[in-house]
Amino acid sequence: MANEMDASSALLHTFFASCPEMLFIAGIDGDVLHASGALRQALGAGITHGNSLSALVHAEDRADFAAAWSRLKEQTEPVQVDVRLMDAQGAYRRLRCNASRAPEGGTIHGSLRQADADGERSPAEPSLKERLLDGLADNLQVVLWAIDTEGTVIYHDGKGLDAAGLARGALLGKNLLELYPEKDRIVLRRALAGAMAHDHNTAHGVHWESWVVPVLNERDEVDAVLGFSLDVTAVKRAQEELRARLSQIEKQQEVIRNLSTPIIEVWNGVLTLPMIGVVDSMRTAEVMDALLARITEKQAHFAILDLTGVDMVDTKVASHLIELVAAIRLLGAEGIVAGIKPNVAQTMVALGLDLSTISTQRDLRAALSYCIRRMAPQPPRENRASVTAS
């Protein structure tokens, strides 16, 4: 007898596992005891052993389903009811439930079939829209989600959930208006009010770019809100790395500029600016700003522009140098140009520039000597006269 019971149990298990129909056996309280392989594939984790069948029913259909289940408890005749049940992707599918109570009264046996718009039974094949939606969810790093008018999640799927460490359908039944911070709720409320919204946010350690679209009924009322969230973490990381590199390059360029135009205080009140290499208009303008700021900071009396390392200047650069010396004079200091090479001198003369107002010296040593002499205390006038007479 025991062997016969074991054989029957194994046969029943095999039948449910391989049956192409969506069949179930449930307890009187609605908990699922057995589900066929086709039903588990269609409804996913929500139909496993011990789960309540009513938990998968859409909120608007629960009253009808509860009434039909109550009739099953009271009679042995079959009961039929059309309800929307949540499938493995978190979407609601309209199904026709045919069920009856077992003669012994302890269990309810039933089957589910997909119903079309006219209420007729049709094969449980997903529609083209459903297949397209599944194709996006299964192959792209996105999350597709939807909420009802109260903010409760009614659809939650997508390959992008893997990066967030979430299972597909993990947020089903939860209220996004309570789950996320206020700054993210603004977008949801905007969509619930009927306006499409676009947003960037960070959630579950992932950067998302989201489009939130209101779904309207025939009366132009919002029935639900559809969300399409794209994982842009890699793009965000690349942008941050690029900004870091640009910042580093800017700092390096600033160091190079400072090294290429070092302003040195060679004596108390005497600044020198050695210029080396190619001197263009941009570099001359930077030099002017830096030198004038340092003259003001140090209260310098002399500023020496050492052109020993400069091989060539053009008209604009020569004009900038003259303007720089004039600006130094306006600050109460004296600008001195030292170390002009013969070819540079010829260029300045050929350009017809007026250098009569500029103090020039042969080299840096001569310029320093000039500054020291100018800063040396002068003897009183009568003492100079007596020394001359003697």
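Where a number appears in this text, it was derived from the coordinates with a stated rule and is not lab data. Just so it is clear, the structure is predicted and the values come from calculations on it, not from any experiment. Here the Cβ positions follow ideal geometry from the backbone for every residue, glycine too, while neighbour counts run over all protein chains shown.
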(message) Need one number: nm distance between label points at Ala163 and Ile264, each 7 Å from Cα along Cα→Cβ, rounded to one decimal.
(response) 5.4 nm
(request) Could you give the size of the charge dipole of the chain about its Cα centre, using +1 on the Cβ of each K and R and -1 on the Cβ of each D and E, expressed in debye and rounded to the nearest 20? (result) 2380 debye
(message) At 0.36 nm per residue, and after removing the present C-alpha to C-alpha distance, how many nm does the segment from Glu178 to Glu21 gain when stretched out fully?
(response) 52.6 nm
(message) Projecting each Cα onto the charge dipole of the stretch 125-210 (Lys/Arg +1, Asp/Glu -1 at the beta carbon, about the Cα centre), which of Leu140, Gly158, His207 comes out farthest on the positive side?
(response) His207
(request) Could you calculate the contour length gain from Gln75 to Thr315, that is, 0.36 nm times the residue separation minus the distance between their Cα atoms, to one decimal place in nm? (result) 75.7 nm
(message) Placing +1 on the Cβ of each Lys and Arg and -1 on the Cβ of each Asp and Glu in the stretch 218-356, which of Leu242, Ala327, Ala345 has its Cα farthest towards the positive end of the resulting dipole?
(response) Ala345
(message) On the principal axes of its Cα set, how long, how wide and how thick is the stretch 178-252? Give whole Å, largest value first.
(response) 62, 23, 17
(request) Set the Förster radius R0 to 51 Å, insert the Cβ-Cβ distance between Thr149 and Gln248 as r into 1/(1 + (r/R0)^6), and round the FRET efficiency to 0.05. (result) 0.55
(request) Work out the FRET efficiency for Thr14 and Ser100 from their Cβ-Cβ distance, taking R0 = 25 Å, and round it to the nearest 0.05. (result) 0.60
(request) Calculate how steeply helix 128-139 sits against the longest principal axis of the alpha-carbon atoms of the chain, using the helix alpha-carbon long axis, and give the answer as 0 to 90 degrees to the nearest 10. (result) 50 degrees
(request) Pull out the extension gain between Glu209 and Glu130, defined as 0.36 nm times the separation in residues minus the alpha carbon to alpha carbon distance; nm, one decimal. (result) 26.1 nm
(message) What distance in nm lies between label points placed 7 Å from Cα along the C-beta direction at Arg374 and Ala66?
(response) 9.8 nm
(request) List nothing, just return the count: lysine pairs in the chain, 8 or more apart or interchain, with Cα separation under 22 Å. (result) 6
(message) Suppose R0 equals 30 Å. What FRET efficiency, 1/(1 + (r/R0)^6) with r the Cβ-Cβ distance, do Asp223 and Asn139 give to the nearest 0.05?
(response) 0.60
(message) Based on DSSP loop calls and a cut-off of at most 14 other Cβ atoms within 10 Å, the longest stretch of the chain free of exposed GluC sites (Glu not before Pro) is what?
(response) 222-390
(message) Take Arg237 and Lys341, extend 7 Å from each Cα along the Cα→Cβ direction, and tell me the distance between the two endpoints in nm.
(response) 5.1 nm
